[in-house]
Structure formats: structure tokens, C-alpha cells
Amino acid sequence: MVKEIQYGRYPKSRKKSTGKTIDETVKDLKKPSFPQSDYRERSLQIHGLICAKCAREFDHTDRHLLTVHHKDGNHLNNPPDGSNWENLCVYCHEEEHGREFHEEDFEGKGT
């Protein structure tokens, strides 16, 4: 009698079928999940096409230069009223995150 050897911490088990085809599963995985899927559009509607920091105004031709900054740094915190968002142009957004980087560098250092 030959005994099957199972390597690893957990015994091998067969995965249960969901009844979906591979294409259906891939399609489901590619779908954006609510509420993260549309927070950019909601923020642009709520706060307008203007940078909250430098006040540069944008229109439909250059709105791609506006980004949504999460004030608390948590990208999963997307309240429907937009209270955790501010629209920043790509330059101000880069500066905002660069400042966080530099603050971390200098924490605890100095006199």
C-alpha cells in the first residue's frame, strides 16, 4: 500500500467550483468596486474643476491634470460628502506628498 505524501503545512484540497467560466471570473475581477470606483468623478462634481491649493482653474480639455488627494491619506476612506478629498493639480499633489516625505526624514532630528 502506497501512502500519498503531502508537503507543506496544510493538506492539499480541491477548490470548490463557483460555476463561473474563467472569462466571467476575470470580468468580475476587473470591475471597479464601489465606492472607490467613482470617487474621482464625485470629487470633481462636488469641489469643481479647481485646485484647492493654487486655485488654478481647469476645464474639460485639461481636467486630467487634476487629482484627488485624500486628506487623511487613506484611499479607502471615501465618504459620499467628499469631506476627505481635495482636488489638487498634479504639481500641488506632488508637492503635498513630497512634503510628507521630507517631514518623515526630519522627524526626531535636529536640536
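Derivation of every value follows stated rules applied to the coordinates shown; laboratory data play no part. If you're wondering where the values come from, they're calculated on a predicted model, not measured in any experiment. Because the Cβ atoms are built from the backbone with ideal geometry, glycine has one as well, and the counts that use them run over all protein chains shown.
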TRP85 long-range amide H proximity, modeled H, under 5 Å: LYS71
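Using a 10 Å cut-off on Cβ atoms, rank the peptides 17-25, 68-76 from the highest mean neighbour count down. Could the numbers behind the result be given before it?
Working: 17-25: 8.7, 68-76: 12.6.
Descending packing order for the listed peptides: 68-76, 17-25.
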Going highest first, how would you order 51-61, 88-98 by mean Cβ packing within 10 Å? 88-98, 51-61
